[in-house]
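The values are calculated or read from the model by the stated rules, or taken from the named source; none is laboratory data. Source: prediction; values computed, not measured. Glycine gets a Cβ as well: all are built from the backbone with ideal geometry, and neighbour counts include every protein chain shown.
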């Protein structure tokens, strides 16, 4: 079996918070939840063990129940030193020395499935596997004083270690058995233990990624936040649209474009869809009472609302200094205030159904573009708003996600850019399909990226 061991025994003193760094919240979940999700969703991982400080055992137990993880089978008590946590896992599984143990820091939540798959594959040939990235900085070795350079190693042969580190159980067990007989043994790295005490054992190195960072210092929290913001979640598999049957979906901005296509597809599969817009129902999301009335109308008929989708937006492409004040205010009121209004008024209904709020951003949210100053900034706000609400509404079990499509053929885009080749644009139907998949997913706090499929010419 391939057993993932999540090392979460640290107390995180260097982060400067009162709680361990693995419980820091980012993108709607704690760091350790994001990390466990990676292994839970990997088909090559058979079982997960979490090694945690004794004081936080019940916290992890609650997470297992709330997240519905099926692979987490053991919650083990960690030791003061990292290697003691590794030993706890080794002892827990030593009944079968043919197991593979994949050790991973709980505070590396950005681990990609590619790295994980590569690590597991390498275990078919090697008994010990590490993950590392090349050192781009010059590494110096100092003397005992710490003030004078002793040597400058060739960085060609230097790499920075990451996790996971993976082993045949019999290999890592043997390494520690020898190490523990050494009165001067000290280690914070499992591969280092193998290299030192089993010198004839080859340790294979899998190429890591810079994004696979470790949360260590307070400054890292800002970088991690940004990485999560920029990282998109991709829906690789089609979901069963029949799961929409009987669901009640409210779409603001549903009279055209993406919203209209969502309504058509959802209705085809048996969902009850209620579309509102300025055009078809005189519903203005910039007016809080207008949103409130729309939702009340739906609830009075259905007695539940499962999903609320807001595709309504305004784009006026022109230089800021040429833009009328009324136009600026209109865009802000619709794109930002309207989004907030929809969220506030949807909350009681989504809390009751444990449903989802789905919002929309634009590829311009990562970098503001000329002639897009107001639009881009409101779409950047949509991402931050999503991630904040996902965390804020987690206790109510409401999911909040935001769709980030590439250039999409909608009436709004045609009005601002004119006719463009269809091959250069996503269709409204493509975006609608992924949007519905998102509603049926377990994602929350995620930016769902939809990219134009490249075709060979």
Being farther than 21 Å from residue 398 by Cα and free of Cβ contacts under 8 Å to residues at least 40 places away in the same chain is the filter here, so list the residues in the range 301-326 that pass it.
301, 321, 322, 324, 325, 326
Unmet requirement for residue 350, which otherwise passes all of (1) at pLDDT 95 or above; (2) out of contact with any helix residue (DSSP H, G or I) (no Cβ under 6 Å at 6 or more places or on another chain); (3) surrounded by fewer than 22 Cβ atoms within 10 Å (Cβ to Cβ)
(3)
Being under 26 Å from the mean Cα position of the chain (by Cα) and at pLDDT 95 or above is the requirement here; does residue 309 meet it?
yes
Test residue 67 against the stated conditions and say whether it is modelled with pLDDT under 95 and surrounded by 15 or more Cβ atoms within 10 Å (Cβ to Cβ).
yes
If I filter the range 70-81 for residues that are assigned by TED's automatic domain parsing to the domain that holds residue 209, farther than 28 Å from residue 20 by Cβ and modelled with pLDDT under 90, do I get at least one hit?
no
By my count, helices (runs of 4 or more DSSP H) wholly in the range 1-100 with at least 1 residues that are over 29 Å from residue 395 (Cβ atoms) are 82-93
Residue match in the range 171-187 (condition: closer than 28 Å to residue 223 by Cβ, buried (at least 19 other Cβ atoms within 10 Å of the Cβ), in the same structural domain as residue 38 (by TED's automatic domain parsing) and in contact with a strand residue (DSSP E or B) (Cβ under 9 Å, 6 or more places away or on another chain)):
no
